[in-house]
Every structure is written in C-alpha cells, then in structure tokens.
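Undergrad: Here it is, the structure in full.
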Amino acid sequence: MPAMNSACNPDLSGNGGSRTVLVVDDDESIRNIVQCALKTLKYKVVTVCDGTEALDFYARSPGETGVVILDLVMPRMNGQQTLKHLKALDPGVQVIIMTGHRPPDLNEILADPSVRGFLPKPFSMKALVESVAAAMAGSPYP
C-alpha cells in the first residue's frame, strides 16, 4: 500500500494535466489512495478494478488517457494480459506498472516499450507523482 502521512494531504506539488490517469487495481484502498493523491494535484483520475474494465474504458475514450497505472496481480485479467490488450488498442499507450509481487518475468515486463515507470508496493506519494509526471511527459523508463 502506498505510504501516506494523512489521507488526501500529500506534501507535494503538481500541475495535473488535461489527460486522464487510469488506475487499474483490484484493491479498492489502493485505488482510493492513488486517486485522492492525484486529484489533490489536479490530475483527472478514473479508477477501475480489473483489466476488463480498463479495456472497456480505454476503448470508449480514445485519446483521453495519458497514462495507465496498472497492477500486475488481479483476478479475471492480470496486468500483463491487460498490457497486451491495451497495446492492441493503442500501440502508444503509456503504462506505469505497480505491484507488491515480483513475478519471475518482471524484468521482461518492465522492458516493454509501453512501460514508462515502475512502482513497487508500498510506494511513496513522491514516487507516484514523479512517475506520473514523467510518463505524461513521455519520458522513457530507465
């Protein structure tokens, strides 16, 4: 779970953006904390609980999403499968991978050109904001 001093009160600055951050995680508390932190910094945020819902939103809203924050371990459709389908919808999709688990193929997943960041859980709000800002700016993941 992200580390946060108090709910909806990160000590960070940000300028949001015109494009949406899509947060995909089966853990409602993670979705809520990430949404709260990013909305405080003026980002538009949509949250969904699994890959199927993410694909539905992404397909219905072409060009609206600036970055997808994607959990790897979820029911119905895991993060790696979701990433594959997102890339089929939009080869230019920009994704930040977040996970509390380290699957054996994590390095391969992170090497995907669509991956613009990695947030190992627990992560700080500073790491979240820096990752989102870099991905929105189109910066490559190291």
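Undergrad: Near T99, within a Cβ-to-Cβ distance under 13 Å, what is the net charge of the other residues, with Lys and Arg +1 and Asp and Glu -1? Mind showing how you got there, number by number?
TA: Numbers: positive: R102, K121; negative: D25, D26, D27, D71, D105.
Spelling it out: positives minus negatives among the neighbours equals -3.
Undergrad: Nearest 5 is fine: what % of DSSP beta bridges in the chain come out antiparallel, could you say?
TA: Numbers: 0 of 20 bridges.
Bridges in the chain that DSSP calls antiparallel: roughly 0 percent.
Undergrad: Rounded to the nearest Å, what's the spacing between the alpha carbon centres of the range 65-90 and the range 118-135? Just the number, please.
TA: Between the Cα centre of the range 65-90 and that of the range 118-135, the gap is 17 Å.
Undergrad: What is the chain's relative contact order, in percent, from Cα pairs under 8 angstrom and six or more apart in sequence?
TA: Working: 254 pairs, mean separation 33.4, N = 142.
Averaging sequence separation for qualifying contacts and normalising by length gives 24 percent for the chain.
Undergrad: Okay, next question. Quick one: net charge around L86, please, counting Lys, Arg +1 and Asp, Glu -1 for every other residue with C-beta under 14 Å from its C-beta. Before the final figure, lay out the partial values.
TA: Numbers: positive: R60, K84, K87, R116; negative: D50, E53, D56, E64, D71, D90, D112.
Computed value for this residue: -3.
Undergrad: Continuing with this model, one more query. Which listed residue (I96, L55, L83) has the Cα farthest towards the positive end of the charge dipole for the chain, taking +1 on Lys and Arg C-beta and -1 on Asp and Glu C-beta about the Cα centre?
TA: The one lying farthest along the dipole's positive direction is I96.
Undergrad: For mean projected area of the Cα convex hull in nm², the choices are (1) 12.0; (2) 7.4; (3) 12.9; which was calculated from the structure?
TA: From the options (1) 12.0; (2) 7.4; (3) 12.9, the structure gives (2).
Each reported figure results from applying straightforward, stated rules to the coordinates on display, with no laboratory input. Given the structure is predicted, the values throughout are model-derived calculations rather than measurements. For neighbour counting, all protein chains shown are included, and Cβ atoms are generated from backbone atoms with ideal geometry for every residue, glycine included.
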